[in-house]
Amino acid sequence: MAEIDDSYGSQGYAYNQIKTNKRSGINGCLGEIVFRDYTDCKLHDYENVGEVYHYDLKWNGLKYDVKTMTVFQKPPLTRDACITAFWNQKPEGLIFVYVMGDHTKAWIGGYLSYDEFYKKAVYIKAGHVRSDGFKYKWDNYTCMISDLREIDINNT
């Protein structure tokens with residue numbers, strides 16, 4: 001998927017990543033695969049090619065975009081669930097997945113509807129430094145994992 005995927009064209013998914021490099025495309029693909037393997041969602045099930053930029057999968061009848069973040073340990077409930085402010089997709093919901101930098105483990109943080117996310121999120125300006133020393137490279141909307149809804153696999 002990260003190399004070549006008909007949905008994304010001959011350059012593949014990673015080619016369309018605007019933030020950090022090919023690694024972000026690979027981690028994004030891993031987040032989608034982790035969620036697909038944990039639930040009964042339909043990955044990259046688009047009705048037309050233009051939808052490819054608005055969501056990654058269909059789950060429980062809704063269209064979700066998966067936001068995958070790289071971590072180096074299991075994320076605490078106070079960890080960010082964020083998206084960049086220049087993000088202009090309009091899915092019906094957002095799913096947050098956290099993938100270890102060495103790709104050995106991943107965690108599903110949870111999900112929110114699109115509207116719920118923006119009601120709970122706060123705007124953080126590029127350059128802001130968190131208490132743990134992390135510096136935001138872009139403007140973001142951020143909430144915490146504790147703000148997300150848990151995934152109930154018995155109801156997927």
Seminar exercise, completed: For residue 153, the lone unmet condition from (1) over 16 Å from residue 69 (Cβ atoms); (2) β-branched (Val, Ile, Thr); (3) at pLDDT 90 or above is (3)
Exercise. Residues that are modelled with pLDDT of 95 or more, open to solvent by less than 50 Å² (accessible area, probe 1.4 Å) and touching a strand residue (DSSP E or B) at 6+ places or on another chain (Cβ under 6 Å): which strands (runs of 3 or more DSSP E) entirely in the range 85-135 hold 3 or more of them?
Worked result: 93-100, 106-113
For this session: Write out, first by first residue and then by second, each pair whose Cβ atoms fall under 8 Å of each other, whose residues are 6+ apart or on separate chains, and whose first residue, in the range 122-142, is touching a residue at least 12 places away in the same chain (Cβ under 8 Å) while the second is among the basic types (Lys, Arg) and open to solvent by less than 70 Å² (accessible area, probe 1.4 Å).
Result: 136/130
For this session: Would you check which residues across the range 46-72 are loosely packed, with under 11 Cβ neighbours inside 10 Å and assigned to a loop (DSSP other than H, G, I, E, B) and list them?
Result: 47, 48, 61, 72
For this session: For the range 31-49, state whether one or more residues are without any contact (Cβ under 8 Å) to a residue 40 or more places away in the chain and hydroxyl-bearing (Ser, Thr, Tyr).
Result: yes
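The values are calculated or read from the model by the stated rules, or taken from the named source; none is laboratory data. Values in this document were obtained by computation on a predicted structure and should not be read as measured data. So basically every Cβ, Gly included, is an ideal-geometry build from the backbone, and we count neighbours across all protein chains shown. What goes into the accessible areas is simple: the full protein's heavy atoms, side chains included, and nothing from ligands, DNA or RNA. Shrake-Rupley method; radii C 1.70, N 1.55, O 1.52, S 1.80 Å.
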